[in-house]
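Working notes for the structure below.
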Amino acid sequence: MQNDLDTNKGDRNLGLVGRRRFIGLVSAAACGAMFSIREAKAGLFYSTRPVKGIPQAWVDAKGLDVLRYANYIKGLRLKNMSPYTVLYPHFKTRGRKRNSLPPRYMWRNIAATLRVIDAMASRMRALPKPLVSVYRSPTYNRAVRGRSQSQHLQNRAVDVQFKGVSAYTVSAVARKMRAEGKFKGGVGRYSSFTHVDTRGHNADW
């Protein structure tokens, strides 16, 4: 009788272990599916075709995501900026700290800001120079003494210079466009460049 009870108890324990294992496998599969969807949305499946102006040295340094991100930027169909112009600051260094590409899930964050910069270029009839700053990795942001809550860390900000246009004029145009309802975000005027971001609420400095 005791042996029968022990056998039944063992069967129940095995059944419990089996159910737990099954639930664990289902949960892992669900998480994997969610991760795959997130990665797909974030640009994992963007083309790795060569993009005009993107140096092979950049690809050698940071891998195929350089081409994926460049193709994403190209797909925005900006009239006044090339992928090179946008990606340039991601290869800067400060001391021994190197900047990096933004994480894939942040790629889309920059689209709205780049479209603002593109519209400013059309309005002023002036092309932007290779951007001063776009995304900053946390370590690179600290190296350049960026703010701890900087929009650059979220890939929503651009520091920009336009050929033949002063930073004073650029910031004035950005604020005018914001007043017209073209975007909501921050505009910062510095001596040699202008900061523009699309954080969703207005800020000035």
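Just a few scattered comments:
- Only one of the listed residues (Gln161, Gln154) is out of contact with any Lys or Arg (no Cβ under 7 Å at 6 or more places or on another chain) and among the polar types (S, T, N, Q). That residue is Gln154.
- Residues within segment 138-188 that are buried (at least 19 other Cβ atoms within 10 Å of the Cβ), under 16 Å from Thr113 (Cβ atoms) and of a type in the set (Ser, Thr, Tyr), tallied: 1
- Single unsatisfied condition, His201 versus (1) out of contact with any helix residue (DSSP H, G or I) (no Cβ under 8 Å at 6 or more places or on another chain); (2) under 23 Å from Thr139 (Cα atoms); (3) in contact (Cβ under 8 Å) with a residue 12 or more places away in the chain: (2)
- Filter result (surrounded by fewer than 18 Cβ atoms within 10 Å (Cβ to Cβ) and either charged (D, E, K, R) or in a helix (DSSP H, G or I) (or both)) within segment 121-137: Ser122, Arg123, Met124, Arg125, Lys129
- The number of residues in segment 96-111 being part of a helix (DSSP H, G or I) and surrounded by fewer than 16 Cβ atoms within 10 Å (Cβ to Cβ) comes to 2.
- Residue pairs whose Cβ atoms lie under 8 Å apart, sitting 6 or more positions apart in sequence or on different chains, and linking a residue in segment 133-156 that is in contact (Cβ under 8 Å) with a residue 12 or more places away in the chain and under 21 Å from Thr85 (Cα atoms) to a partner that is part of a loop (DSSP other than H, G, I, E, B) and aromatic (Phe, Trp, Tyr), are His152/Tyr135; Leu153/Tyr135; Asn155/Tyr135.
- The residue pairs whose first member lies in segment 63-91 and is over 23 Å from Ala143 (Cα atoms), whose second member is among the basic types (Lys, Arg) and assigned to a helix (DSSP H, G or I), and whose beta carbons are closer than 7 Å, counting only pairs six or more residues apart or on different chains, are Pro83/Lys74.
Quick grid of which residues meet (1) in a loop (DSSP other than H, G, I, E, B); (2) over 20 Å from Arg125 (Cβ atoms):
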residue: Arg145; (1), (2): yes, yes
residue: Val158; (1), (2): no, no
residue: Tyr168; (1), (2): no, no
residue: Ser171; (1), (2): no, no
residue: Lys182; (1), (2): yes, no
residue: Ser191; (1), (2): yes, yes
residue: His195; (1), (2): no, yes
residue: Arg199; (1), (2): yes, yes
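- Taking (1) under 16 Å from the mean Cα position of the chain (by Cα); (2) polar (S, T, N, Q); (3) over 30 Å from Lys176 (Cβ atoms) in turn, Thr93 satisfies each apart from (1).
No lab work stands behind these numbers, since they all come straight from the coordinates. Everything numeric in this text was worked out from a predicted model, so none of it was measured. As a convention, Cβ positions derive from the backbone with ideal geometry for all residues, glycine included, and neighbour counts pool all protein chains shown.
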